[in-house]
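Remarks on the structure that follows.
The values are calculated or read from the model by the stated rules, or taken from the named source; none is laboratory data. Bear in mind that the values here come from a model prediction, so they are computed numbers and not experimental data. Positions of Cβ are generated from backbone atoms using ideal geometry, with glycine treated the same way; all protein chains shown enter the neighbour counts. SASA here: full protein model, heavy atoms, side chains in, ligands and nucleic acids out. Shrake-Rupley method; radii C 1.70, N 1.55, O 1.52, S 1.80 Å.
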Amino acid sequence: MRIPLLGALPCLLFAQAAEAPLAFEAILALARPAPEQWRVQALLAERGLQTAESRGLLRDAPTLSLLAGPRRATGTPGSTDRAVELDLPLLLAPGARAALEASLGAAHPLLTEAARREARLRLQTAYLDAWLSARLRALREADLQTVDRWRSAAQARLEAGADPAFQVALVEGERLKVQQELDEARLQEARAWGALTALADLPAQPRPLADPGPLPALSGAGLEARLQASPVRQALLAEADLEARGLRLKEAQALARWSLRGSYAAEGEDRVARLGVALRLPRPGQAEAVRRGTEAQLRAVQGASRQALAEFDARAEAAAARLRGFGPDAPVPDFARALEAVGLRLQEGRERPSDALPIRRQLLEAQMASLRRVHARHALAAELQALLPEVTP
């Protein structure tokens with residue numbers, strides 16, 4: 001018998017290691033790029049392309065034309081004419097491009113950091129939701145086992161003639177309700193795990209999740225100053241400035257009319273070189289329409305920026321106020337002993353199911369409320385960590 005046991009021991013240890021609770025840091029290492037990060041990369045790439053297309057004094061990329069064709073003249077042998085033409089559309093607004101390039105350089109690290117923080121917050125919120133749903137499901141399963149034991153005790157007392165039949169009916173009705181609540185808890189756990197796997201490379205089946213752990217150290221001074229220095233707030237300002245600079249350069253590109261043109265041609269024995277300028281004539285009212293459209297878009301960008309900043313301030317202040325209202329951190333109470341005491345009194349006949357069932361539900365709801373409180377505290381702390389340079393209640 002010793003050999004099979006020794007052979008099974010590594011498998012048992014491997015199974016235990018495979019089912020080790022997943023901490024948030026382990027999930028963070030498996031995170032996928034979030035939509036916020038892709039959006040930022042697309043915005044930065046678009047503005048980078050805009051600066052590249054207007055590099056130097058050019059409004060757009062040069063146009064190179066190659067022309068060739070036969071020459072026929074009476075009494076002379078035929079020949080082939082060749083010509084090369086170059087069109088250089090000019091952008092006589094170097095300040096607009098330089099401003100966009102400087103704004104892009106300043107916005108790149110800010111937008112990238114803000115997107116990383118928002119992605120981490122989204123993942124941490126999904127992890128906390130999955131952790132809470134798993135703990136609530138476990139409580140429902142334990143509650144169902146408790147009700148099953150109490151039903152057996154009530155049935156035994158009915159058969160002994162100590163209690164009337166309606167006491168057993170009360171427990172059976174309560175069991176149906178507990179079973180339905182357990183089914184809903186399992187469905188909620190599956191949904192929460194699915195939301196988590198959408199953000200990280202995790203298995204399809206739910207895995208045990210480690211507890212969130214203690215809250216980070218909090219300090220309550222200088223919330224407004226930290227708000228002003230928040231990377232997320234600075235990113236909102238940088239994004240608005242980047243959009244405004246991009247609109248100004250786009251306006252300058254739309255209003256640019258001049259081009260520099262040159263050509264070189266071989267016409268029989270002759271060689272002809274030309275250099276000149278071209279003016280693209282605007283349509284009536286086109287320039288004024290471009291300016292009005294740009295100003296309207298700039299006002300829209302400024303309005304959206306003010307709204308985003310106001311929402312940021314309200315979001316951070318509300319999270320700090322709510323977290324401050326929770327008071328000191330406290331461990332989740334365990335009502336298992338209280339439930340055992342009630343069950344023992346039920347078996348001994350000192351309590352009837354009609355009296356014990358409401359007490360059991362109150363204890364269960366108290367423990368669930370305590371878990372939800374832990375979830376809310378950690379969710380608020382995670383939000384503040386994402387919004388502020390330092391956690392500030």
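Tabulated results
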| item | result |
| --- | --- |
| Accessible area per residue in Å² at 1.4 Å probe, computed on region 58-126 | 58 Å² |
| Spin-label model distance (nm) - Gln205 vs Arg39, 7 Å beyond Cα toward Cβ | 3.7 nm |
| Ser79 accessible area, assembled protein chains, probe 1.4 Å, Å² | 40 Å² |
| Solvent-accessible area, 1.4 Å probe, carbon plus sulfur percent, for region 172-262 | 54 percent |
| Under the Karplus curve 6.51 cos²θ - 1.76 cosθ + 1.60, θ = phi - 60°, whole-Hz ³J(HN,Hα) for region 271-276, x wherever Gly or Pro sits | 10, 10, 10, 9, 9, x |
| Karplus (6.51, -1.76, 1.60) ³J(HN,Hα), θ = phi - 60°, over region 120-131, in Hz, Gly and Pro reported as x | 5, 5, 4, 5, 5, 5, 5, 4, 5, 5, 5, 5 |
| Largest to smallest accessible area among Trp38, Trp258, Trp131 [probe 1.4 Å] | Trp38, Trp258, Trp131 |
| Solvent-accessible area of Tyr264 with every protein chain in place, 1.4 Å probe, in Å² to the nearest 10 | 120 Å² |
| Per-residue HN-Hα couplings for region 285-294 [Karplus 6.51, -1.76, 1.60; θ = phi - 60°; Hz; x = Gly/Pro] | x, 5, 4, 5, 5, 5, 5, 4, x, 5 |
| Accessible area of region 171-330 divided out per residue, in Å², using a probe of 1.4 angstrom | 60 Å² |
| For Ser79, residues with placed amide H under 5 Å, excluding near neighbours | Arg71 |
| Accessible surface of region 103-149 [probe 1.4 Å, protein heavy atoms]: carbon and sulfur percent | 56 percent |
| Calculated FRET efficiency for the pair Ala198/Glu159, C-beta based, R₀ 51 Å, to 0.05 | 0.45 |
| In region 267-331, the trypsin sites (Lys or Arg not before Pro) that fall in loop regions by DSSP, at most 13 other Cβ within 10 Å | Arg280 |
| Formal net charge of residues neighbouring Arg315 (Cβ-Cβ distance under 12 Å; K, R +1; D, E -1) | -3 |
| Net +/- balance of residues flanking Glu251 in space, Cβ distance below 10 Å, scoring K and R +1, D and E -1 | +2 |
| Whole-Å distance, taken between Cα centres, linking region 249-303 and region 34-64 | 19 Å |
| Protein-only accessible surface order, largest first, of Phe335, Phe24, Phe166 at 1.4 Å | Phe166, Phe335, Phe24 |
